[in-house]
Each structure stands twice: as structure tokens, then as C-alpha cells.
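Here's the structure we're looking at; comments come further down.
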Amino acid sequence: MPAIEARRLRKTYRTTRGVFRRERVEQVALRGVDLAIERGELFGLLGPNGAGKTTMVKIFTTLLLPTSGAAVVLGLDAVRDQWALRRRIGFVFGGERGLYWRLSGLDNLRYFADLYRIPPEVSRRRIPELLERLGLAGRERDRVELYSRGMKQRLHLARGLLNDPEVLFLDEPTIGLDPVGARELRVIVRELADAGKTIFLTTHYMFEADAICDRIAVIKGGEIVAEGTPSSIKTVVQDQGVVEFEVVGMPADRLAGLRTLPGVTSVAVADHELAQVVTIHCARPADVMTQLGLVLDGMTMEKVSSREPTLEDAYVQLIGDSPANSEASP
Amino acid sequence: MKHLGLEAGVFARSLYLQYVALFQWATVRGYIAYKVLLPVTQILFFVELGVYATGRQNALYFALGNALQLTANAGIFGVIATVANERQYGTLPILLASPANRLVTFMSRAVVNVIDGIATVVIGLAIVVVLFGLDLRQANLPLLGLCVVIISVTTAGLGLMFGSIGLVMRDAIIVANIVYYLLLIICGINFPVSRLPGALQVLAYSLPLTRGVQAARDAAAGATLGHVSGLLAGELLVGAAWALGGYFLFRGLENWSRRGGLQEAY
Amino acid sequence: MNLLGPQRLVVRSLVRAAFSAFVLSVRLRVISPWSYLNWLVFPLLFAIVGLYVLSLPGAGSSHLVYGVLGGGLIGYWSVAYIDAGNGIQDERWNGTLEQIFATPTPLWVILLGKVCGGLLFGLFAFVPTAAAAFFGFHAVLPALDPWRFVISLGVLTLSFFCIAITMAPLFALWRWAFSMINGFELGVYILCGFMFPVAVLAPWAQGVAGFLAPTWAVKALYAATVAQGPHDFAAWWAVTSGLSLAYLAGAYFLYALVEREARVSGELALV
């Protein structure tokens, strides 16, 4: 039996818009998602903002009811069996909020230990262990408002581990952290998975998923568009290469011209300081490079290079060009 | 002349934006709750209390005093809330980094709250007059109206002084709350100033509202402008002193907080 | 709610959770400046105004008893409906609502602890206001019946507790409800007879006041301080308790609605 399972999971938000003439608006966040995560897996859900990652986590953690379909964790239905399920899972949403910032880290943990109905003799032992493991020992009596961003995130994680959960949900745990703090957290997460916990992690950092996850799914617009190990996801772009160069300004007609080159699957333009970086995904990079001079006649290109595709390229391919990045600049 | 024109333009645009901002967040229910229900029940409470203590014949005394005190609500909270909200939403540094004339900017925002305050007083007083069947036949209504306008302006001056504190204090709204209710005790709203200890009487006459309320009560009894001109002049002078003091305090604290980087709420 | 494990252990863990919420609530109030406004500053300001008015020439000597207790009642009510009633909303503003909602402890248990913490602070409001009455105006309670006073205060506490527990989901479900009750704050002072007897109001207002549980408890409280006037304590306590429990019955449905609504809309994280 999988540790986490989604069967045709669907969620539609219904809100109203306007003050005097209220308009009912429906927003589909999940469009019939199927997923199965085995015990002990470190599973990563990748996707851009608004793809449905947080919605899925909230359904699994009993905070949200799906519109239809089933969400089952440890054999328990997240809709009906919420009381039993809440004792066996942990979750970390992270961010600046979610803690009592006027109290100390220790007081926060003690309070949540009681809310998780952990026997006092257990929490008395477990809290110092968690503080030590997460590098908060010695700072536990300081007010949370004095903690750094990284420390707050680790305190969130300590709170999520208070009940020694079998399954841990992490929603973008490294967002807003500096590179050192983020790496430390990833190491801890990997260690937890190695110790046997099932971990469901959402992120929009491809390298993070690539670095620590056993398996990944890519979600776009509420649908899973790819699922597998990082290596298998990269096969989406295995027959592809990438040509990159810098140019000052990319007129619309030249951009269109690049798109019509044989073997080109996508062209993305991103601003980088005073120039634009153009990234072309194509089947035959060598052919494309010989054609560049013709299409971009009269324009100055710099740092022209070709390389093997990365997981990030696979992700971009799966998610699609961002409209903002593809707009031609004068 | 051109400079004055530019300042006038800033004033007008700021006025319009404050009006829009005020009613963007205010729902119909919120407006009814805070602009009708709260003021009316505040007046009613003190009128009932006063009538219980001293008899129905004094209902107008309590109604008028408490209705006028409501103008302080807009004047004080308006300016303090403006500064506090700018601070909370992080736009205060942006505003203060701009070349805009401080006084013009903040007084323009106070104007909307003053107008709003006058409306609150009129609604509150009208409802209580009807509910208690109060007799205003001998009142000098135009003069009473003038008193309302003057008081709402002078209490805005007080608000500017305390609004300055919002530059350096995170919870300036707390100060606003305390000042607002202290006026109930000090300014002769529910009992004569003469009943206070001597030192507090001096404070009472150093604050806006005190002379204005006296003038308004005289106007309600039928007095002419000539009778109350001294009181109104004193009220305006006191209000101007607070406004001026508030302006200089604002500039001083602005410079001080810029050095200490305290303009952010956290 | 599906309780797991031996019943005894379950009850003990829930009581521990509620007590933990109580302690947290008290600690947060001790360090919050706003809390002092509600239980100390505002009641004192109102008490002083009330005492000045109730001691004006023309006021009877018996009026002053309303100045002794009125400020305390105002403070107690303010804390009950603002601090305690916002038990869910303040978690939302703090960003911790999702975190506590998703624990194995039901929300009403957490709120029970928080409301008790709030009411404890509310009771403190009687101290400075009574002190101001005694030291500033030499006002005392003329014929205090201690036991009836304590029981009446207990019954009043029950009514405030039930109201706060009921308001918490109400304010969470419909944010305009807080605005309305906030706007009507002084209306409650009037209708419940905090600083003057309900008997001075118009008959229709007295009828409305009769549906408010605190009205009867306040009546009993004041009756326990004077010798003259009606002393139907048993009836007043019974009506207060009955109305309070009726509010609680309504609260049961509101909590179920909050749980459902929160899980459908997913707006727990929204401020």
C-alpha cells in the first residue's frame, strides 16, 4: 500500500469578485491528479507558482477538502479520518509566519507538543533532541522574532517533527533561505528520508529536486505532466540540445525567425543586466548555430554556446515558455 | 506663484487618493458599524448615564458634548492612522524620501478625515435629538455648525502632533486611543472642567475641544457669534499651536528616525 | 469527532492541550500592549468619567455604586468579546491558524483554554477601577453580600465565557460580524446595565436587553451590593445560565460550520 495516494484528485475554488455586482468565479487548482508515493520515498513535486502544489499538500494534510477524488495517506482518508491522520503526519509550510514570534522557540515547541497530544515524558526528551539536531540548541530561549530566516525555518521543521511523523509534508521549505541555509536544510531532509520517513516536498527549484529526491513529478495547471526519477525526466529532452547566446534587444520578427529554424522546439528570452539571454532548445544544436548568423544578420551576438540539456531544461520544456520571457524587445 | 500651484496640485491629488483609499477598504457594513453605530451608541451611552445621574432636563448637555467629541475621532485617528498605516505597509520611507511638502501631504489626508468626522457628528447628533426629542428651537444652528467645523479642524491639529509619534513608535494607534478617551475626561464633555483638579484644568484649556464645546453649548442655547468669538478664537489658536508643534515635531522626528533607520515597522 | 485510544488518556491529553492554550494566551497578553488597553486603560477612563458624572450635583448617593463596578464590567466585557472572541481571528492574523487547525486537538478545545486566559485578564479590570472609585471618589459598595456577589460574578463569567466561545467561530466565518459587534460595543454597555440600571431605558430596549444573558447577571451583581430593591437572585442566575447555554448550543453548529468552511475554502492562511 502506498504511503501517499491521490486518485483523480480534483479541487475547484469558488470565490466571488466585485463589491456591488458580485460575480461567482471558479478556479480549478487540481484537474484529476493521480499519484502514488511509496513508504520511505523522498518525493518532489515541481511546478511554477499557481500550479497546484500547495493545494495538493493542504489536501493531504487535511487542511483542505477536495472537490472530488480521493487523498489517502497511510491508508487513512484525508477527508474522513482527519483526526487519526493528524497524529501521524507532520507538515512544514515555512515562511515568516506560522510561529508565535513573541515567545521563545522552546515555548513554541512545548505548546505544539501539547496540541499534538504528545505525552510530557516523551516531549521532554524529544524537544532537546530536535533542537540539537536542527542546530537550534543554545538559542531555544530567545524570542522567535530575533531568529534569522534560516533559524525560523528550522524551528518550523522541529515543530513538524514533534510527533515523530511517519510522513512529512514540506511546502517549499527552502524558499527565501540563503544558499548555505538552504543546503543545510536539504541535508537534513535527505537524512530524514534515509532514516525511513516518507517525505513529500514541493519546490520550484529544479536543482533541489534533482539533488535530493528519489522521484519527481512535474505539475502544470493542476495536472501532472511528467513523473519519474530525475534521470527519466531528463529523457524528455535527451534528444535535444541547447544553444544559448547574449544579444542586445530581440525584435519580434527575428524571434519568429529563430522559431522557424528546423529542429527548434522552443525559444526563451530572458533579461540579464543590459542584455537578453536567448535559449534555444533544438534537436540539432550544430545546425542551429550555423543558421544563427543568417536569422540575426546585423545583430551582435556574444557568448554563443551549446550544451547538454539539464533537468531545468526538461522542466522548462514541460512547463512551456513563459510569455513574459518570450516577448520581443525593441 | 508657480510653486504654490505645484503645492496645490499635490494637495488635490493627495486628497483624492486618500478619499479613494479610505473607501477602498471600507465596506458598507464596516461604514455602518464604525461611522454610524459606534458614534450613535457612544452618544447614547453618555446621555443615558447623564440622564440617570442628573435628570432628563440635561440630556442636551450630554448629547452635544459627546457628539462634538466624536469629531476628535476623525481628527486624531485620521492622521495617526495615516502615518501608522504608511509605516505598517512599508510605504513610509518611500513617502518621506520624496520631495513632497510634508505638511501639505499629511494635512491633505487629514482633510478627508475631517470632512468624514463632520458627517459623523451630524448623523450622530441628529439621531439622538430625534430619539430623545431634544428641543433645538432656540439654538443658533449656523453658529453650532461653525463650532463643529472649527473643532474638527483643531482636533486634526492635535492628531498631527500624535501622528508624528507614528514615525518612531510601532503602536502609535494605542496612543491615539488613549488620547481620544482622555479627552472625554479632560475637555468638559460630560461634566464641567471646573470639577477637575487644578493641574488638569490647565491641561484642559491647553487642548483643543474645551473652548469649542463651551462655544457650541452656548450656541445651542441661542448665543450669537459675538458672545462666543473669544472662545472660538482661543480654540483656533490652540489648534494652530498643536498643528504647528506637530509639524515641527514631525520634521524633527523624521530626521532623527532617518538617521536611526526606524521608519520600518519591524 | 473520532476519539482514539483509551478514553482516560484522551481526556487527559485534551485537558493538557486546553491548559497549554490557556498558559500561552496569558503569556501573550502579559507582553502585548493592546491587552493593557482593554483591561486597564479603557475601563479606568470610563470609570473616571462615570464616577464624575454619577457624583454630579443632582445625582443620588446610591448612583455611585454604578461607578464602583461599571468600569470593571466594561473592561471585563471588552476583553471577553475583543480578546477572547477573536480567538480564531487572532490566530489568523498571527499566521498560526493553519498550524493549530491541523493538529489532533479540536479547535474548540484550544479556544476553551484561550477564552479562559482572556477572561482571567478581564477580571483584573475590577481592581484599578474599584481602586479609582475608592481613592478618588470615596465610593464603596454600601451593603455588600459577599456570597451572592461572588456567585453573581461567577454566573456573569459563565455568560461571558459562552458568548466568547460563540463569537470565536462567528468572527471567523463572517468578518463583518466583528465590525458590527465592535460598533455596538457601547450598545452592550447600555443594554446590559453596566453603568446604569436597565430600568431607565425605554420599554422596547428593556425587552431587547432581556435576551442578553449578562443583563440578568449584572442585575444580580448590583443587587448583591445594595440593601434596597428586588433580590430575585435565583431567578436571575437561572435566566443567565439558561441563555448562556442556549448560546453554547448555537456555538456547536457554528464550530462544525467553521471546520467545514475552512476546509472547503482553504482560507485559513488568509488575513
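Just so you know, all these numbers are worked out from the coordinates, no wet-lab data involved. Predicted model only: the values in this text are computed from it and were never measured. Here the Cβ positions follow ideal geometry from the backbone for every residue, glycine too, while neighbour counts run over all protein chains shown.
Computed about the Cα centre, the dipole magnitude for the protein assembly as shown is approximately 1900 debye when only Lys and Arg (+1) and Asp and Glu (-1) carry charge, each at its Cβ. A:L311 sits among other residues whose Cβ lies under 12 Å from its own Cβ, and their net charge, with Lys and Arg +1 and Asp and Glu -1, is -4. Of the residues A:R39, A:R86, A:R14, the one that moves most in a GNM of chain A with alpha-carbon contacts below 10 Å is A:R14. Projection of the Cα convex hull of region A:236-326, averaged over all directions and equal to a quarter of that hull's surface, yields 5.4 nm². Sorted on the mean count of surrounding Cβ atoms within 10 Å across their residues, most packed first, peptides A:308-317, C:184-193 read C:184-193, A:308-317. Short-range pairs are left out: with C-alpha atoms under 8 Å and at least six residues apart, the relative contact order of chain A is 19 percent. Placing +1 on the Cβ of every Lys and Arg and -1 on the Cβ of every Asp and Glu, with no other charges, gives region A:122-185 a dipole of roughly 280 debye about its Cα centre. Note on region A:222-280: the C-alpha convex hull projects to 5.8 nm² when averaged across all orientations. The per residue volume of the convex hull around the alpha-carbon atoms of chain A is 179 Å³. In straight-distance terms, cross-link reach from B:K35 covers every one of the lysines whose alpha-carbon lies under 19 Å from its own, apart from those fewer than eight places away in the same chain; here that gives an empty set. Per residue of C:20-30, other chain Cβ atoms within 10 Å of the residue Cβ number 3 on average. Projecting the Cα atoms of C:V26, C:A59, C:W204 onto the charge dipole of the protein assembly as shown, computed from C-beta unit charges around the Cα centre, puts C:A59 farthest toward the positive end. Each of the peptides A:66-77, C:35-46 was scored by the mean count of other Cβ atoms within 10 Å over its residues; in descending order, highest first, they stand as C:35-46, A:66-77. Computed over chain A with a Gaussian network model linking Cα atoms closer than 10 Å, the most mobile of A:G50, A:G150, A:G105 is A:G50. The alpha-carbon atoms of the protein assembly as shown define a convex hull whose volume equals 206 cubic angstrom per residue. With each label modelled as a point 7 angstrom along the Cα→C-beta vector, the C:W93-C:F19 pair spans 3.0 nm.
A Gaussian network model of chain A, with springs between Cα atoms under 10 Å, assigns the largest mean-square fluctuation among A:A193, A:A256, A:A158 to A:A256.
Using only alpha carbons, region A:49-91 has a radius of gyration to Kirkwood radius ratio (Rg to Rh) of 0.96. Per-peptide packing, taken as the mean over residues of other Cβ atoms within 10 Å, places C:154-164, C:218-228 in the sequence C:154-164, C:218-228 from highest down. Taken residue by residue and averaged, Cβ atoms of other chains lying within 10 Å of the Cβ of B:51-59 number 5. The sum of -39500 (n - 2.57) across all DSSP H runs of n ≥ 4, divided by the residue count of chain A, sets its helix-only mean residue ellipticity at 222 nm to -9500 deg cm²/dmol. For region B:143-266, relative contact order (Cα pairs under 8 Å, six or more residues apart, normalised by length) works out to 44 percent. In straight-distance terms, cross-link reach from A:K303 covers every one of the lysines whose alpha-carbon lies under 27 Å from its own, apart from those fewer than eight places away in the same chain; here that gives A:K234. Ellipsoid semi-axes for region A:1-114, based on the Cα gyration tensor and the rule √(5λ), read 26, 23, 14 Å when sorted largest first. Computed extension length for A:D297-A:E26: 92.8 nm, one decimal, from 0.36 nm per residue of separation with the Cα-Cα distance subtracted.
In the structure shown, do any of A:K58/A:K152; A:K152/A:K197; A:K58/A:K197; A:K11/A:K220; A:K11/A:K152 have a Cα-Cα gap over 24 Å, and if so which?
Too far apart for the 24 Å limit: A:K11/A:K152.
For B:R195 and C:A131, the FRET efficiency from 1/(1 + (r/R0)^6), where r spans their Cβ atoms and R0 equals 22 Å, is about 0.65. Remark: mean inter-chain Cβ contacts per residue of C:82-94 equal 1, using a 10 Å Cβ-Cβ cutoff to other protein chain atoms. Estimated from the Cβ-Cβ distance and a Förster radius of 51 angstrom, the FRET efficiency linking C:R12 and B:S229 is about 0.10. Computed about its Cα centre, the charge dipole of region A:4-233 is approximately 960 debye, with only Lys, Arg, Asp and Glu carrying charge at their Cβ.
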